[in-house]
Amino acid sequence: MSQQEQPKRPQEPVKYGDVFEVSGELADRPIAPEDARMMQAKETSVLGHTQKGGIAATMQSAATANRRAGFVEPGVATYLDPDRGVSVEQTDVAGARVTKETIGVQDVGQYVEPRPVATAATGVSVQSKITIGQALEATVHTAGKKPVDQSDAAAIQAAEVRASSNNVIAPGGVAASAQSAADYNAPIEFDENKIKLADVLAGAAGKLQEDKAVTKQDAEGVVSAELRNNPNLSTYPGGVADSVTAAARLNAKGDI
């Protein structure tokens, strides 16, 4: 191979901001082998294995590319330390299990899966299909610290309408509370003083007058509502639309 035919070396390393929805200092940091090793260890410790195509696998691919290109050294962590490292947390909610993966203080992966439950006949089975209310509750664990805005209120309203057989928004219900929170938050400058999704969606399944298993059509309606009311025309990672979509995807796999 001639000198002209040599493959060009990448000009920049793969950074966290290139592969994850993160911001600030973390977004500009290159992903290093030790970063990936720590996330793999956390996933294995909590989940029992490394998720195929998951956060650790993505980090490993990026770290390998960075090492081969000479941007990072083996055994080096570019960002992570004992106080601001990685975490993988699982939380059981009604009918589902929520897994959240964090780098530093920023969430990089959130997903919902059916929760195993005990039965008299078989000992262990899998929870029946995830309902709209359960998907809303799961959002508390994936994006609970997010201040409620109009896109959240619209998505929650779409979810409540689809859970109801009469398409009526109940006074004092989840959707009404979300709209009140969005209106309250709008003029407030600092996020710490705003009402959060966790405040509105905690116990959502029990607050809905009716509930039903999430379908693809339900998810599409919720996603559309959130997109229409977001100035950036995007959904929030781990937010209402993402949680409902994840539930619909799991339900579509069959009798889970």
Next on the checklist: Checking the structure you have, find out if any residue of segment 59-73 is within 17 Å of the chain's Cα centre (by Cα) and either more than 23 Å from Ala143 (Cα to Cα) or of a type in the set (Asp, Glu) (or both).
Outcome noted: no
Checklist entry - Would segment 176-196 turn up any residue that is surrounded by fewer than 18 Cβ atoms within 10 Å (Cβ to Cβ), within 20 Å of the chain's Cα centre (by Cα), among the hydrophobic types (A, V, I, L, M, F, W, C) and assigned to a helix (DSSP H, G or I)? => result no
Checklist entry - From Thr64, Thr50, which residue is open to solvent by 20 Å² or more (accessible area, probe 1.4 Å) and modelled with pLDDT of 90 or more? => result Thr64
Next on the checklist: When you check Val124 against the structure, is it farther than 21 Å from Ala202 by Cα, modelled with pLDDT under 85 and not assigned by the TED database to the domain that holds Glu21, yes or no?
Outcome noted: yes
Checklist outcome for this item: Here the residues within segment 30-47 that are farther than 18 Å from Phe20 by Cα, small (Gly, Ala, Ser) and open to solvent by less than 60 Å² (accessible area, probe 1.4 Å) are Ala41
Item to check | Number of positions in segment 202-252 that are open to solvent by less than 10 Å² (accessible area, probe 1.4 Å) and outside any helix (DSSP H, G or I) | outcome: 3
Checklist outcome for this item: When segment 207-256 is checked residue by residue, the ones that are over 18 Å from Lys100 (Cα atoms) and of a type in the set (S, T, N, Q) are Gln209, Thr215, Gln217, Ser224, Asn229, Asn230, Asn232, Ser234, Asn251
Next on the checklist: Residues that are loosely packed, with under 15 Cβ neighbours inside 10 Å, at pLDDT below 80 and at negative phi: does segment 94-102 have at least one?
Outcome noted: no
Checklist entry - Among the numbered criteria (1) modelled with pLDDT of 85 or more; (2) aliphatic (A, V, I, L, M); (3) outside any helix (DSSP H, G or I); (4) over 30 Å from Lys253 (Cα atoms), which single criterion is violated by Leu80? => result (1)
Checklist entry - Exactly one of (1) touching a strand residue (DSSP E or B) at 6+ places or on another chain (Cβ under 7 Å); (2) part of a helix (DSSP H, G or I) is unmet by Ala159. Its number? => result (1)
Item to check | Every residue from segment 13-29 that is crowded, with 19+ Cβ neighbours inside 10 Å and over 17 Å from Val72 (Cα atoms) | outcome: Phe20, Val22
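The values are calculated or read from the model by the stated rules, or taken from the named source; none is laboratory data. The structure displayed is predicted, hence computed values, not measured ones. Here the Cβ is made from the backbone with ideal geometry for all residues, glycine too, and neighbour counts use every protein chain on show. Protein only, heavy atoms only, side chains kept; ligands, DNA and RNA dropped before computing areas. Shrake-Rupley method; radii C 1.70, N 1.55, O 1.52, S 1.80 Å.
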